[in-house]
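Just below is one structure, and these are the notes that go with it.
Just so you know, all these numbers are worked out from the coordinates, no wet-lab data involved. Predicted model, so just to flag it, every value in this text is computed and none were measured. Please note: Cβ atoms are built from the backbone with ideal geometry, for glycine as well, and neighbour counts cover all protein chains shown.
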Amino acid sequence: MTNELEGRSFNIYDARKYLGGISQPQLYKLFKSGRIQSYKIGNRRYVAQSQLDKFRDEQVKLQGEGFKV
């Protein structure tokens, strides 16, 4: 694993809540597109908090750029 996946991790349910309650299909689209990395242990999928923070920060930055005058 890379250093980006170290630290606290969330299961799918908690990752969705952490991102403001996005849908499960939307989260899986983000995994598939590579915008958020995840990993599996057995049948369970997890997401590092650092990945969620990185994605959230990118979204905030994009939102902010849309409001420039």
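Overall size of the stretch 1-64 from C-alpha positions, given as principal axis extents largest first: 39, 26, 19 Å. Extension gain for Glu58 to Ser23 (0.36 nm times residue separation, less C-alpha to C-alpha distance): 10.7 nm. Summing charges over neighbours of Pro25, with a neighbour being any other residue whose Cβ is under 11 Å away from its Cβ, gives +3 when K and R count +1 and D and E count -1.
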